[in-house]
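The values are calculated or read from the model by the stated rules, or taken from the named source; none is laboratory data. These figures come from a predicted structure and were not determined experimentally. Note that each Cβ is placed from the backbone with ideal geometry, even for glycine, and that neighbours are counted across all protein chains shown. We work out accessible area using only protein heavy atoms, side chains counted, and drop any ligands, DNA or RNA first. Shrake-Rupley method; radii C 1.70, N 1.55, O 1.52, S 1.80 Å.
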Amino acid sequence: MKFYTLLNITAAAMVSLALPACHADNDELKHHHHGAEEEAEMEATGHNHGEIVLDPHMAEKMGVATEKVAPGVFSDVIHTSGAVVEAPGSTAVVPAPASGTVRFASGIVPGAKVGRGASIASISTSAVAGGNTNEAARLALAAAKAELDRVTPLHADGIVSTRDYNAARAAYDAARAAYSAGASSGVAKAPASGVISSLLVSDGAYVNAGDALAQIASSADMTLRADLPERYAAQAPALTSARVGFSSSDSLFTLTRSAAAVSATSTPGYVPVYFTFRSDGTIPVGAIADVYLLGRERGNVISVPVAAISEQQGNTFVFVRLDEDCYHKVPVKTGASDGARVEILSGLDPGAEVVISGATAVRLAESSGVVPEGHSHNH
């Protein structure tokens, strides 16, 4: 109840700031005339030619912006999904230097930038069953080196046989191969510079020596695989670009097709189409994408930004600005969307000034249901 009261108060405040009257001498482009079909729809939905009055200063404060309708180029669109996949040779793996419990270094999260040799994680071997095997290897190496150092001068003087000297040398080589200086430190380091694309184990998990701890995208170029339904496979050669959205970002990315060929996929009913893009480090490998595949371009198409479209009770509308303080709700029939804009099949004529942001403020003004005396664009 308090929420609705606040909306009504806000709407009433907007109307109270309205100018004395809508201008009656606007040119014809600012008057939207409806045909019989649109009139019937407006009657059925309870919407008539009533004007919405909003003070221009309030409109500016509430972020209301408009765009003049003009025919332009619009692409055929196939809406599907996709995922970021590894590009060959673009990913480096961080291995565990020893067996034990892993603890990632501070700041090591997907999207973090790291340099070659940077500490990624530390491995605690205190809980390893059978003791610290690498420490045992270090002690064995030290003992083998001491024995080799002892027999080497004796072999030169002919006191120790060649067979015994060779045995001491072989024992030293074997001990050196079994010992890892990196494992001794217990620190896993980045083998290459890049961006952490994923952590492959949980912090605190037990790992074996050599297990992969993390992946580093060593190249800023990433690959998106869009899953194209097989029924559209014949259109694949024309799909040269795409608009893509990720849950981790409010922005849409425009991507370019990386190859003309379409290869097979393990997902039944789909064929993959690949695109490349430059990552800013915020999109990890495996990220799911909302993909609008763009195909053949068509001219003389009327479209508006996605934010201009309003839906109420199953009907689709836009708000048209008639003059500096008057707006009108106009029913429209929409077509395809490319993620950024929506095709308008009917309801808008070139020259109409459509609200493309701040539509909430216009809705609040409309909900007041008040039109000051003298405000009318009806004919």
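Taking 7 Å steps out from each Cα toward its Cβ at Ser258 and Ala142 produces label points 5.0 nm apart. Per residue, the accessible area of region 154-253 comes to 52 Å² when a 1.4 Å probe rolls over the protein heavy atoms. Give me the Debye-computed log₁₀ of I(q)/I(0) at q = 0.13, 0.15 Å⁻¹ for region 313-369, equal point scatterers on Cα only, no solvent, two decimals. Result of the Debye calculation: -0.35, -0.47.
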